[in-house]
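The values are calculated or read from the model by the stated rules, or taken from the named source; none is laboratory data. This one's a predicted model, so the numbers in the text were calculated from it and none came from an experiment. So basically every Cβ, Gly included, is an ideal-geometry build from the backbone, and we count neighbours across all protein chains shown. Quick note on the areas: whole protein, heavy atoms, side chains included, nothing else; ligands and nucleic acids left out. Shrake-Rupley method; radii C 1.70, N 1.55, O 1.52, S 1.80 Å.
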Amino acid sequence: MKRNERMILYAVVLICLAILGTSIFYVVRRDAKESQQAPTEISKNQDRDTDRDADRDEIPATDGSMPEEALADGQMTETTLLFTGDVLFANSFANCYNRGGIEAVVSQDMLNAMTQADITMVNEEFPFSSRGTKMEDKQYTFRADPSYVKALTEMGVDIVSLANNHILDYGKEALSDTFATLDAEGILYAGAGDSLERAKEVQLIEKNGKTFGFLAASRVIPVVDWNIENGAPGVLATYDETRLVEAIEEARDQCDVLVVFVHWGVEHQSMPEAYQRSLAQSYVDAGADLVIGAHTHCLQGIEFINGKPVFYSLGNFIFGTDISQTMAVQVTVEEDNTLTCRLVGATASGGQTKVMSDVQQRQLNSYVQGISSGVTVEADGTVREQ
């Protein structure tokens with residue numbers, strides 16, 4: 001009898017243990033399922049938080065800061081401008097370009113600087129045309145086949161100055177062809193036109209919430225007939241300041257930053273003429289924020305006039321086979337329209353323009369500082385007013 005009671009007791013214990021084990025199993029399984037579902041619930045909560053954040057972003061900031069979408073739209077982004085001197089698409093250019101494309105004309109590092117700038121401007125020292133008659137009694141006459149205009153686009157050029165002493169080398173037909181060629185490529189031009197109004201018209205480019213204006217004129221033309229006031233099409237001349245100052249004053253209220261590109265000076269002379277400094281003063285007084293010069297085939301110095309930088313000549317950039325030293329100017333425009341200028345030194349050999357080595361850049365910085373007035377050029381090429 002006692003034995004039977006013990007057997008019954010053992011059976012009861014086993015049954016209780018089985019029931020307890022089953023309960024534990026279901027509890028563990030339930031917890032496991034709940035833990036697997038938890039991330040989904042958290043994710044939904046995060047989505048709701050994100051929606052609330054998005055709603056907050058739509059409310060204008062009241063503390064003077066810009067909302068995040070303004071940052072995304074580039075309203076507080078620095079803008080980079082890049083300028084070079086004389087560009088000529090003549091025999092050496094054609095030979096290099098036909099052989100190796102744009103990288104045979106401009107090295108990849110210089111090409112990067114040009115294409116990555118928000119706005120790039122050069123002096124186009126020739127007409128795009130296969131028409132016209134070469135000017136008589138002129139030592140050097142230039143023109144380029146219109147098909148080569150694609151090289152400007154490949155270099156990232158947005159706007160050119162046509163105000164120089166070679167743009168009418170093949171007459172008015174060739175100049176008209178140049179207008180049409182640039183228009184078709186979507187490249188702006190300043191300093192020339194089929195009327196006085198067009199030649200002095202400010203060219204406007206909008207970038208990063210700002211409007212940039214560009215004017216151009218020449219103090220060097222071989223005959224008075226090139227002056228737009230004596231015949232059209234033609235070039236805006238600036239033998240005195242009157243017309244260009246009028247254009248600057250008219251343009252001042254149309255843009256945040258106004259650039260004036262001038263063809264002037266004496267060839268192969270590193271110091272500016274007195275008239276260059278006088279004209280520059282007039283341009284700045286009228287409202288120019290930056291003055292860029294070309295024509296001398298060599299570098300000239302830099303000066304600040306009323307706090308505004310004046311680069312008297314950037315020399316040659318793409319011009320013939322070899323250039324011992326030249327430079328582009330990289331200008332960073334801050335939100336408050338403050339300009340910071342940096343020299344990008346370059347040389348050319350075999351028809352290719354390329355960025356200088358660090359040693360060459362330091363030598364260039366020292367040279368430019370030496371021919372400038374009241375200017376310090378830092379190790380990285382940044383130009384400061386003393």
Report the Stokes-Einstein translational diffusion coefficient (µm² s⁻¹, integer) for the stretch 256-318, Rh taken as the Kirkwood radius over Cα pairs, at 4 °C with viscosity 1.567 mPa s. 113
Sites D145 and S195, calculated FRET efficiency, Cβ-Cβ separation with R0 25 Å, nearest 0.05: 0.40
Using a 1.4 angstrom probe with every protein chain in place, what is the largest-first accessible-area order of H166, H268, H297? H268, H297, H166
At most 11 other Cβ within 10 Å, DSSP loop - GluC sites (Glu not before Pro), the stretch 120-206: E136
Expressed as a rounded percentage, what relative contact order does the stretch 110-160 have, with Cα pairs under 8 Å and six or more residues apart? 55
Can you give me the C-alpha center-to-center distance between the stretch 116-165 and the stretch 197-212, rounded to a whole angstrom? 20
Chymotrypsin sites (Phe, Trp or Tyr not before Pro) within the stretch 127-212: DSSP coil, no more than 12 neighbouring Cβ in 10 Å: Y140
With a point put 7 Å past each Cα toward its Cβ, work out how far A184 is from E378 in nm, to one decimal. 4.6
Linear extension gain, H268 paired with E246, 0.36 nm per residue minus alpha-carbon span: 4.9 nm
Under 1.5 on a/c is rounded, so check that first for the stretch 122-234, then, if it is not, pick prolate when a/b is larger than b/c and oblate when it is not; a ≥ b ≥ c are the square roots of the alpha carbon gyration tensor eigenvalues. oblate
For the pair Q116 and Y275, how long in nm is the line joining their label points, each one 7 Å along Cα→Cβ? 4.1
Relative contact order [Cα under 8 Å, 6+ residues apart], the stretch 213-361, whole percent: 16
Once you wrap a convex hull around the alpha carbon atoms of the stretch 240-386, what is its projected area averaged over all directions, in nm²? 8.9
Sort the stretch 174-295 into rounded, prolate or oblate with this rule: let a ≥ b ≥ c be the square roots of the eigenvalues of the Cα gyration tensor; rounded if a/c is under 1.5, and if a/c is not under 1.5, prolate when a/b is larger than b/c, oblate otherwise. oblate
Find, among the trypsin sites (Lys or Arg not before Pro) in the stretch 130-167, those assigned to loop by DSSP (not H, G, I, E, B) with at most 16 other beta-carbon atoms within 10 angstrom. R131, K134, K138
Gyration tensor (Cα) of the stretch 81-170, equivalent ellipsoid semi-axes in angstrom: 24, 15, 10
Env charge @ E197, Cβ radius under 14 Å, K,R +1 / D,E -1, value -2
